[in-house]
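Working notes for the structure below.
The values are calculated or read from the model by the stated rules, or taken from the named source; none is laboratory data. All values derive from a computational prediction rather than experimental measurement. Backbone-built Cβ (ideal geometry, glycine too); neighbour counts: all protein chains shown. For the accessible areas, the whole protein counts, side chains as well, though only heavy atoms, and no ligand, DNA or RNA atoms are used. Shrake-Rupley method; radii C 1.70, N 1.55, O 1.52, S 1.80 Å.
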Amino acid sequence: LEQLLASRLEHHWYPEHPSRGQAYRCIRLNPSSGREALIETAVIVAGLTYADIQLPLELTVWIDPDSVAYRFGENDGSHCTL
């Protein structure tokens, strides 16, 4: 997953302007949006199935320079910065 993320974000990383490109660096999982292609690829490369990794139904991850934040649930879900 780390290698796939690095490749995907290579030209969408602006440390001098951390909010630039935020939508592109967001990984969002919920029942209506289906599976995230990047995670699907990482699971296959690892020799696992999507069910093996047991992700929550609703998860949003924002990957920004110097910050990774996530939220479980929609709107009123818990929010945390790593």
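For the list (1) of a type outside the set (Phe, Trp, Tyr); (2) surrounded by 14 or more Cβ atoms within 10 Å (Cβ to Cβ); (3) in a strand (DSSP E or B), I need the number of the one condition that residue 79 fails. The failed condition is (2). Within region 1-29, residues that are more than 25 Å from residue 75 (Cα to Cα) sit with their Cβ atoms under 9 Å from residues that are exposed (fewer than 13 other Cβ atoms within 10 Å of the Cβ) and of a type in the set (Phe, Trp, Tyr), at 6+ positions apart or across chains, in these pairs: 8/24; 9/24; 12/24.
Among residues of region 18-30 being within 10 Å of residue 65 (Cβ to Cβ) and more than 11 Å from the chain's Cα centre (by Cα), the one that is least open to solvent (accessible area, probe 1.4 Å) is 21.
Yes/no matrix, rows are residues, columns are (1) surrounded by 13 or more Cβ atoms within 10 Å (Cβ to Cβ); (2) modelled with pLDDT of 85 or more; (3) part of a loop (DSSP other than H, G, I, E, B); (4) not small (Gly, Ala, Ser):
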residue	(1), (2), (3), (4)
3	no, yes, no, yes
16	no, no, yes, yes
32	no, yes, yes, no
47	no, yes, yes, no
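Could you tell me which residue of region 5-14 is least open to solvent (accessible area, probe 1.4 Å), considering only residues that are out of contact with any Gly (no Cβ under 7 Å at 6 or more places or on another chain) and part of a loop (DSSP other than H, G, I, E, B)? Selected residue: 13.
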